[in-house]
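Just below is one structure, and these are the notes that go with it.
The values are calculated or read from the model by the stated rules, or taken from the named source; none is laboratory data. Keep in mind that what you see is a predicted model, and the values were worked out from it rather than measured. Reconstructed Cβ throughout: ideal geometry from the backbone, glycine too, with neighbour counts over all protein chains shown. For accessibility, only protein heavy atoms count, side chains too; no ligands or nucleic acids. Shrake-Rupley method; radii C 1.70, N 1.55, O 1.52, S 1.80 Å.
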Amino acid sequence: MDVENSGTNQKDEIEIIEIMQNFGKYQKLQYFYACLAVFFITMIHINFVFVAGDLNYRCRVPECENQYAVYNVTWWPNSTIDRCTRPKLKQGFEIGQTCTNDSFTNAVEECTDWVYETNNTVIATLNLACQPWKSNLIGTIHNFGMMFAMITSGWLADRFGRKPTLIICSVGSCIGHLKVFTSSYYVYMFIEMLEAVVAGGTYTAASVLMIEISGKNRILAGVLFAYAIYMGESIFACIAMFVPYWKDLIRIIYIPPIIFISYIFLLKESPRWLILNGRTEDAKSILLRISKVNNININKQKLENMNEEDLKKQFKIENYEYKETYGDVVKSKEILKRVLVGAFCRFTASFVYYGLMMNSVYLPGNKYTNFMLSTVMSFPGELISMYLMNRIGRKLPIMYGYFICGLLCVASAWTPEGYTWLKIALFLFGKLLVSMCFTGVITYTMELFPTSVRGTLLGICSLASRTGSMFAPLTPILNTVSVILPSMFFGGFAIVAGSLLTLTPETKHLPLMDTVEQIERSIKLREIRRRDISTKGEESNGLM
């Protein structure tokens, strides 16, 4: 009887390499932890949209009001006066008199002090009236910080691990809480920049960790990662709607990340990264944990007896004598081509995605509602992306998604103003398709790069993506030249991105590569096979 049970157990055992291919409770928990961090960091990342939003204000007239002035007054002149000038009082007006609509002349003078309708944003707290460049610079500085974070965090994730990078970056975002204690514009800007530099690395570390433990569910990893971002955007809009005062809003979104200290115990490192960096015992410990949590039957004794070489062979991870760096990337034409194509596609996805979102704000209605609707439109795009990329492949859905999105943007630009319903329909479908490309290209670029430099190269692509999101808010300026220019720019970039994707390979059925050398060798083997097939074809034609 014991012999029979032993035989049954051996049949139920799976190979060590298949531990990472089974998607179970372990992956679900790790995905939840990673997505939770991304969810909160997204709210922090877009905080300036409402925290530094514009306010109604007018010039203060000291002769007519005291230091506790209110925005709405009955004595303000009936004539239209811009926010940066104040009406002049008539000669003979004495301080102490009651101001009326007739107390002013038609002349105006430069304003030096202002009265704000509310103190809901930093515009009032930092006294930024009539200085739009300063309020806009808050978002620009934040995005510059994010750009820097994308590069440094990629290197940190490759050098020190995905787990410590994610924990340090997510917990470090709490530094932004200091903004509520400052009344100096330049101190506020410094904290905004520092917060973005620290917190931005959460995106890179979380995305790399998710893709490396996903097994066969790499598309699901990309979709869930994107959904965490969209949920963060939508929930932040809801919170801002009910908590308009910026200091309360800051406290609500900046305090929760402190809980990520618990990730020291909850989050686990990527086994592939551990194996690649020679931490064999740690890797075996996590693999045993995965098999236990997912209820997978493996030969535990065999795993425990494996040395570093055996473990690398089992997971098809090749040895290399030194750490691969930017130098190895530059020397490899194939990797360099993938980086350039991936970076441009990531730039385009962000530029078009956020550009369409920014232009949706000009639609009539509540700004919070419009913002939520623009993010909600992204959700069906993710489902379409997951279905098509699992069913057809990675490359073709993204490529045609860019092409069609570009054509819809161009069509929207040239649609006459009288066809309002058609322009809105083209806008919504364009937003839907760019959302699909946004997620798809993130997953696709993850699969294009080897484990040894994946974090670093994804950091470069994320930098390009962040650059696109920085240029997107500037597109409304093009409307002053021609109303068709923004949509033409979106369409042109999308079509070029789709064309560039013809230069990169399909990755659906390919395993994750671990080194630059491994990719170079696979390309050479592919070229040899093509030559052999071409030669055989010519010989067959000659015989006929």
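Would you tally the residues in the stretch 34-50 being at pLDDT 90 or above and surrounded by 22 or more Cβ atoms within 10 Å (Cβ to Cβ)?
8
I need the full set of residues from the stretch 250-276 which are more than 14 Å from Y33 (Cα to Cα) and at pLDDT 90 or above, in order please.
Scanning the stretch 250-276 gives I250, R251, I252, I253, Y254, I255.
Return the residue satisfying two criteria in turn: it lies in the stretch 233-259 and is in contact with a helix residue (DSSP H, G or I) (Cβ under 9 Å, 6 or more places away or on another chain) and outside any helix (DSSP H, G or I), and of such residues it is most open to solvent (accessible area, probe 1.4 Å).
I255
State which residue pairs qualify: first residue of a type in the set (K, R) and inside the stretch 16-33, second residue surrounded by fewer than 21 Cβ atoms within 10 Å (Cβ to Cβ) in any location, beta carbons under 7 Å apart, and separation of 6 or more residues or different chains.
That search, which allows pairs on different chains as well, returns K25/V293; K25/N294.
(1) hydroxyl-bearing (S, T, Y); (2) exposed (fewer than 14 other Cβ atoms within 10 Å of the Cβ); (3) closer than 24 Å to Q131 by Cα: which one isn't true of T100, the others all being true?
Tallying (1) hydroxyl-bearing (S, T, Y); (2) exposed (fewer than 14 other Cβ atoms within 10 Å of the Cβ); (3) closer than 24 Å to Q131 by Cα, T100 fails exactly one: (3).
Quick grid of which residues meet (1) without any contact (Cβ under 8 Å) to a residue 40 or more places away in the chain; (2) among the hydrophobic types (A, V, I, L, M, F, W, C):
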site: T105; (1), (2): yes, no
site: C111; (1), (2): no, yes
site: V115; (1), (2): no, yes
site: A129; (1), (2): no, yes
site: W155; (1), (2): no, yes
site: T182; (1), (2): yes, no
site: Y185; (1), (2): no, no
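So, in the stretch 479-491, of the ones that are outside any loop (DSSP other than H, G, I, E, B) and modelled with pLDDT under 75, which residue ends up most open to solvent (accessible area, probe 1.4 Å)? Spell out how you get there, then give the answer.
If we filter the stretch 479-491 for residues that are outside any loop (DSSP other than H, G, I, E, B), which is where we start, we get 479-480, 485-491.
Checking the rest, the ones that are also modelled with pLDDT under 75 come to 479-480.
Working: N479: 59, T480: 119 Å².
Residue satisfying both the conditions and the ranking: T480.
Looking at the stretch 260-275, which of its residues are part of a helix (DSSP H, G or I), over 19 Å from F449 (Cβ atoms) and open to solvent by 30 Å² or more (accessible area, probe 1.4 Å)?
I261, S262, I264, F265, L266
Go through A196, A206, A221 for me and flag whichever is closer than 17 Å to L267 by Cα, hydrophobic (A, V, I, L, M, F, W, C), at pLDDT 90 or above and in a helix (DSSP H, G or I). Full working, then the answer.
Values: A196 fails: closer than 17 Å to L267 by Cα; A221 fails: at pLDDT 90 or above.
The unique qualifying residue is A206.
Which residue is nearest to L510 (Cα to Cα), if the candidates are limited to the stretch 397-412 and must be out of contact with any Leu (no Cβ under 8 Å at 6 or more places or on another chain) and surrounded by fewer than 24 Cβ atoms within 10 Å (Cβ to Cβ)?
Selected residue: Y400.
May I ask you to say which residue of L510, L422 is assigned to a helix (DSSP H, G or I) and among the aliphatic types (A, V, I, L, M)?
The match here is L422.
What are the pairs, 6+ residues apart or on separate chains, where a residue within the stretch 403-430 that is at pLDDT below 75 has its Cβ under 9 Å from a residue that is open to solvent by less than 60 Å² (accessible area, probe 1.4 Å) and not hydroxyl-bearing (S, T, Y)?
As it stands, the answer is E417/K423, since those pairs meet every condition given.
State which residue pairs qualify: first residue under 24 Å from F493 (Cα atoms) and inside the stretch 324-346, second residue open to solvent by less than 60 Å² (accessible area, probe 1.4 Å) and at pLDDT below 75 in any location, beta carbons under 9 Å apart, and separation of 6 or more residues or different chains.
Note: pairs meeting the criteria are I335/D328; I335/V329; L336/V329; V339/V329.
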